[in-house]
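All remarks here apply to the structure that follows.
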Amino acid sequence: MILVIHGPNLNLLGMREPDVYGVKTLDDINQCLRELASGNNIELKIVQSNSEGKIIDIIHQSLEQNIEAIIINPGAFTHYSIAIRDALAAIEVPILEVHLSNIYKREEFRHKSVIAPVVTGQISGFGVDSYTLALEQAIRLIE
Ligand code: DQA
């Protein structure tokens, strides 16, 4: 099973800064991921939270579940949450960090990801395709 974690404000996709994040909703993205996963006989667990503590709890719980890879868009936590970074550092399965926008092309405060040093790889800047590329790669990594 692959765990997909959507961080803060991603529940507002579709109406949130569409020029930056596109017009697809989180449900559209999840639908797309579910289709890709089922076509590959992979189970997906998808969660969204606006709370740092909740995201950390979800990461911890993955240790007791049959999670083979984690795809995470930590939203703004990307840039400052040492607590989420530490939680991810405890995980042994592949971790794919995803961003819809290219964080290196935006405001300077978004150029730093405190998460990046503890993940397997990062995909940033391809909109919804960032997620599908991450899922394709996660499937490749666990096969
Ligand atoms: C984001 C980029 C972050 O800087 C921002 O805070 C987000 C979304 C992205 O997907 O492009 O909430 O992670």
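Read-outs: derived from the displayed coordinates by stated rules, not from any lab. Everything quoted here is computed from the prediction, not taken from an experiment. Here the Cβ is made from the backbone with ideal geometry for all residues, glycine too, and neighbour counts use every protein chain on show.
See the values below:
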item	result
Search result, residues across the range 2-24 that are surrounded by fewer than 16 Cβ atoms within 10 Å (Cβ to Cβ) and more than 25 Å from Ile56 (Cβ to Cβ)	Gly14, Met15, Glu17, Pro18, Asp19, Val20, Val23
Sole exception among (1) farther than 14 Å from Val119 by Cβ; (2) of a type in the set (Val, Ile, Thr); (3) more than 14 Å from the chain's Cα centre (by Cα) for Ile91, by number	(1)
